[in-house]
Amino acid sequence: MKILVKYILKITFLLVVIVFSISKQTIAQKKEVFEGRGENLKGNKGDLEYEYIFDKNTSKLFLDGKFKFESEEFDSLNKSKLLYLKTDGQYSNNIKSGEWRYESANLDLNFKGLRNYKPIFTANGDLEILKGNFKSGKADGRWQSRKQPLVESELKPGKSTARLDFNDGIATGNFYFTEQGDSTNIEIKGNFNENGFFDGDWEITYENQVVKGKEFRTYQNGFLLYLYKSENDSVLYDLKYNRVIDKLNLLEADSLDFNFKISNESFNMKFDDGFPENSDYYLAMKQGDDFLKIGLENFLDKENSPQFFFEGLQKMEGAFTARFEYEILDNEFEKISEISEIISRLKVETKILDENRLFSVNQQKTDSLAFAFQYFKYLRKHLLNATELIELLQSPYFENADRTKFFDQSPNYFEQIDTVAYSFNDKDTIAIIDYGTKVGSGESIVEEFYTHILFAKDYFNQIESYVEKELKTIEIARETQSLEYEMINLLDSIDYVYVEKTNENPRISQERKDWIDWAYEVISKQRRKQLQEYTNLDNNKKKQLLINDIIEEMTMALTIYDDLFYLSDLEEELSEAYYRYTYNPFMEGKDMRTRIKRRIYNKAVEDLIPVYFKELKQQNKVSEIKSSLIEIEEYKARMKEIAELPDNKTSKIERKLRWENNPEKIKEIIGL
């Protein structure tokens, strides 16, 4: 039996697989005890002991009875840090029941010495203890949390305490929290209603070496009505949330017609009615909400609180705020849906045009094509912003935000006037687009956005119609089509090699990248000029001659990449060529290094390399860069050749170089 149980535990447990149904036949099964290793839902491994019932007929295991778990795990990167976890409780038919106690501590271990050859450690950290009751898997009654500092393995007086009552898994009644923090002391008092919503008066006090603050809040069933905050007896906020109060009063007058109601949903502790993030109504809550989170996290943080680390917990939640739900009219739903469809279509069609290669090559044929090419790029970005807004309008948040303040600060990409910058014939131009309306806050936000998107659609259709007509005209005379595609692929290859490949190389030095970036700038200027000249030609033969020149130059641009990449190594490479190594009898493994032909090195390497680099930087065409690189390569080969010559063969060169400073004369002397 035990072998069978251990086998089932091995394949069904990360810690426990809970099955929430139990048959009468199972109840009659014998209760057994498991003792061994296991892990919780967070992956912490430890010693595990629990009582269970195993049903042979269904091969299902049911936790029933005492449950214990204790874990001590060292930090994988720092063995002086230890995470300690201990859990005691009980299950009834796989459901948490009765009293549960959780202990956890993150400890720093300090080595103190040896006693009888055994190491002695002391522990420092905070021990956190949480205890409370479950009823049918739901938190029930008074739950308490406390934190005590552990100093040199000795528990000190409490650092923090918290109390929160639960009923049927929902936080209800009074809440109290106090903490003597490392930097700030906090005390919180408040109340939740029977549904877990903030209710009544709440008081938050905090103090550190600089500030002594107080915050008072008044809630009504989850709605924040009033907030007062002061620091060092100076009032920071004294806010009455009148628009919330007015709407609650309106809801009591059933005879009045209004377009909102109280939402049936519950929301997190951050109360919101569509407040702009820079408004006092929003900012006043921030610090207090942070303190509330600290106080409530032991009870309600599902990611980090230990009561959530094991199965069998049905409900433990609360600390809710309420919101209004605002009516969205049928015609607004229709417009939001239509906006979404228009945006989706425009995103597809602009992408097709933006990536059209024929369009890309001929963008400089006319001023209008140059504008259209940049307009489609602009529109693709604009549609991304529009997508964010339409997703917001389709989200639950929009239903719970007061439109009179919604988007109080309208994003600048939804202003009435927008601009598109483009260049044609080396002339920069700013084109103005007037959408006819600004998308701002207020009741009309859907209508404004609808008008904005309809204009974008109509404007796009006009530009698209013109571009397609122009491209069709261009396509009629495409005798050089294959050459164009070859050229485009070559240009794409240059962009990939000089930009993407270079930027993706994590080991590239800044000096190498500077040479690549400089060359890419020269190449880009040359090809822009050639493309401009190309698009201005109307004779196919002349086009073919020019496109062949472009292909030749751009092919050359690819071939010189490696030469440019290693150009910054030139001085180091020649420096090494002009060193000789001899055995060092005084330091084993450390050869002696001596500079040879020093005058040749000083004049023809240290002085001449900057001259070559300066001459290279003066080139404005790929072919000129290629010629300079060939000259540099010949220079490098000659300098290495001289380095290998015996001194009696180079003494004449050294004498001639002694008083020579003219770079051209130096080249002549070294045989170039």
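Exposure check, 1.4 Å probe, all protein chains in place: VAL499 carries approximately 50 Å² of accessible surface. Taking amide H as placed 1.01 Å from N in the peptide plane, PHE267 has its amide H under 5 Å from the amide H of THR321, each at least 5 places away in sequence or on another chain. Counting lysine pairs in segment 485-554 that sit 8 or more residues apart in sequence, or on different chains, and whose Cα atoms lie under 30 Å apart gives 11.
For segment 184-288, GluC sites (Glu not before Pro) meeting the loop criterion (DSSP other than H, G, I, E, B) and having at most 13 other Cβ atoms within 10 Å: GLU194, GLU265, GLU277. A straight chain from GLU615 to SER444 at 0.36 nm per residue would run longer than the Cα-Cα distance by 55.1 nm. Counting only residues at least eight positions apart within a chain, or on another chain, the aspartates and glutamates with an alpha carbon under 16 Å from that of LYS60 are GLU32, GLU51, GLU311. Taking each residue as 0.36 nm, the span from LEU250 to SER627 lengthens on full extension beyond its C-alpha to C-alpha distance by 127.4 nm. Near the amide H of ASN191, under 5 Å away, which other amide H atoms are found, from residues 5 or more places off or on another chain, if H is placed in the peptide plane? Distant-sequence amide H within range of ASN191: PHE175, ASP199. The portion of the accessible surface of the chain made up by carbon and sulfur, rounded to a whole percent, is 47 (1.4 Å probe; DNA, RNA and ligands excluded). Histogrammed with a bin width of 10 Å, the alpha carbon distances of segment 186-234 distribute as 28, 44, 23, 5 percent, first bin at zero. Axis of helix 2-12 versus longest Cα principal axis of the chain: the two differ by about 50°, to the nearest ten degrees. Can you give the FRET efficiency for ASN110 and LYS652, using 1/(1 + (r/R0)^6), R0 = 56 Å, r = Cβ-Cβ distance, to the nearest 0.05? E(calc), rounded to 0.05, equals 0.15. Computed over the chain, the per-residue total of -39500 (n - 2.57) for DSSP H runs of n ≥ 4 gives a 222 nm mean residue ellipticity of -13000 deg cm²/dmol, rounded to 500. Go through LYS229/LYS270; LYS438/LYS469; LYS81/LYS159; LYS96/LYS293 and tell me which ones have a Cα-Cα distance over 28 Å in this structure. Beyond 28 Å: LYS438/LYS469. Using the Cβ-Cβ distance between GLU297 and LYS529 with R0 set to 51 Å, the FRET efficiency from 1/(1 + (r/R0)^6) comes to roughly 0.20. Directionally averaged projected area (the chain, Cα convex hull): 53.5 nm². This model, with +1 at the C-beta of Lys and Arg and -1 at the C-beta of Asp and Glu, gives the chain a dipole about its Cα centre of some 3120 debye.
May I ask you to derive the FRET efficiency for PHE258 and ILE417 from their Cβ-Cβ distance with R0 = 45 Å, giving the value to the nearest 0.05? Calculated value: 0.80.
Where in segment 611-625 does the label zone of GLU660 land, with the point 7 angstrom along Cα→C-beta and an amide N cut-off under 17 Å? Those under the cut-off are 611-612. Checking the Cα-Cα distances for LYS86/LYS302; LYS42/LYS189; LYS147/LYS189; LYS351/LYS381 against a 22 Å cut-off, the pairs over it are LYS42/LYS189. The calculated pair-distance distribution of segment 161-244 uses every alpha carbon pair, bins of 5 angstrom beginning at 0, and gives 3, 15, 20, 20, 19, 14, 7, 2, 0 percent. Using only Cα atoms, tell me the angle between helix 608-617 and the longest principal axis of the chain; keep it within 0 to 90° and round to the nearest 10. The helix 608-617 is inclined about 80 degrees to the chain. Full extension of the chain between LYS118 and LEU558 yields a length gain of 151.6 nm, computed as 0.36 nm times the residue separation minus the alpha carbon distance.
Taking every protein chain into account, the accessible area of segment 249-379 amounts to 49 square angstrom per residue (probe 1.4 Å). As an equivalent ellipsoid, segment 39-187 spans semi-axes of 32, 25, 11 angstrom, where each value is the square root of five times an eigenvalue of the C-alpha gyration tensor, largest first.
The values are calculated or read from the model by the stated rules, or taken from the named source; none is laboratory data. Everything quoted here is computed from the prediction, not taken from an experiment. A quick note on method: Cβ atoms are made from the backbone with ideal geometry, for glycine too, and the neighbour counts reach across all protein chains shown. Ligands, DNA and RNA are stripped out before the accessible areas are found, and what is left, the full protein with its side chains, is counted by its heavy atoms. Shrake-Rupley method; radii C 1.70, N 1.55, O 1.52, S 1.80 Å.
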